[in-house]
Amino acid sequence: MNGKSMHWVNRLAVLGLVVGLTAGFAVAGVAQSVGGQAYSTYVNTPVGYSGPSPLAVLPAISGTDGAEADAQGSTQTIAGALSSDFLNSITSGEIGTAESGAQSTASAASINILNGLITADEAIANVMSSVTPSGAVSNADGSTFTNLVVAGVPVTSGDGPVAPNTNISLPGVGYVVLNEQIPSGDGVTSSGLTVNMIHVYLQSLTGGGCTLLGCLPGVLTTTGEIIVGSATSSVQ
């Protein structure tokens, strides 16, 4: 295991982010299924494409079994769009008799997006969903950046969280959503959460123009996206 990957594993241990759910509780039928997936990078731009990588998807679970999937990658480079390394993805879950849950974590290091427009030493996405007789909840505790810089402006100094769904305009490019959080479920019998630590939306101006009758404005159209650090968990 390389040094950076070991650093990632140690941080998870310190933060207590490794799933510790156990079977053997008292009330049956809390959850019928749990789900999760994680990936470090995704690129879909006019200059290049790379599907979710490395992708970890939680296998099907039945009864009171538990399951885990993980994936690693050394580097990811799409010229002009993204470079990163030390990619790690893990997802796990368990169905218990009184508590069930799933957790997914994705990380990437040495992140460079759009030729230095966005950089970070590291990004970690972590989500956990659980359901008990009291209800279903999800959270993104432990999701963090290290030395994140957007358009030359430091967003974090050292390690630190960023407020959910922080939107920053990227003139001439589009915009980026940091710590993007997309919830699902009813919060009673089901709950889910997707976290994208860096989600760049590429946009261009289309349409518009002037005639003898007047001028019409152009419309901003999304032409691509780049995601770094995506994790999803769900229970129902």
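The values are calculated or read from the model by the stated rules, or taken from the named source; none is laboratory data. Note that the coordinates shown come from a computational prediction; the quantities given were computed from them, not determined experimentally. Every residue, glycine as well, gets a Cβ built from its backbone with ideal geometry; the counts of neighbours run over all protein chains shown.
Quick one: Met197 ticks every box in (1) more than 18 Å from Ser40 (Cα to Cα); (2) surrounded by 18 or more Cβ atoms within 10 Å (Cβ to Cβ) except a single one, so which number is it?
(1)
For Ala140, which of the numbered conditions (1) of a type in the set (A, V, I, L, M); (2) more than 16 Å from Asn112 (Cα to Cα); (3) more than 18 Å from the chain's Cα centre (by Cα) fails to hold?
(3)
For the structure I just gave you, tell me whether Gly142 is surrounded by 13 or more Cβ atoms within 10 Å (Cβ to Cβ), part of a strand (DSSP E or B) and on the phi > 0 side of the Ramachandran plot.
Answer is no for this residue.
Say whether the condition of being among the β-branched types (Val, Ile, Thr) and touching a residue at least 60 places away in the same chain (Cβ under 8 Å) is met by at least one residue in region 138-154.
No, there is no match, as no residue in region 138-154 is among the β-branched types (Val, Ile, Thr) and touching a residue at least 60 places away in the same chain (Cβ under 8 Å).
Of all residues in region 38-77, count the ones that are in a loop (DSSP other than H, G, I, E, B), over 30 Å from Ile95 (Cβ atoms) and touching a Ser or Thr at 6+ places or on another chain (Cβ under 8 Å).
Counting residues in region 38-77 that are in a loop (DSSP other than H, G, I, E, B), over 30 Å from Ile95 (Cβ atoms) and touching a Ser or Thr at 6+ places or on another chain (Cβ under 8 Å) gives 1.
Listed residues Pro154, Pro164, Pro183; which is modelled with pLDDT of 95 or more and out of contact with any strand residue (DSSP E or B) (no Cβ under 9 Å at 6 or more places or on another chain)?
Sole residue among the options that is modelled with pLDDT of 95 or more and out of contact with any strand residue (DSSP E or B) (no Cβ under 9 Å at 6 or more places or on another chain): Pro154.
If a residue has to be surrounded by 13 or more Cβ atoms within 10 Å (Cβ to Cβ) and either among the aliphatic types (A, V, I, L, M) or at negative phi (or both) to count, how many in region 145-181 make the cut?
22
So which residues in region 149-201 are of a type in the set (Ser, Thr, Tyr) and assigned to a strand (DSSP E or B), if there are any at all?
Of everything in region 149-201, those that are of a type in the set (Ser, Thr, Tyr) and assigned to a strand (DSSP E or B) turn out to be Thr166, Ser169, Tyr175, Ser184, Ser191, Thr194, Tyr201.
Do we find that Val219 is among the aliphatic types (A, V, I, L, M) and crowded, with 18+ Cβ neighbours inside 10 Å in this structure?
No, not satisfied.
Quick one: Cys210 ticks every box in (1) in a strand (DSSP E or B); (2) touching a Ser or Thr at 6+ places or on another chain (Cβ under 9 Å) except a single one, so which number is it?
(2)
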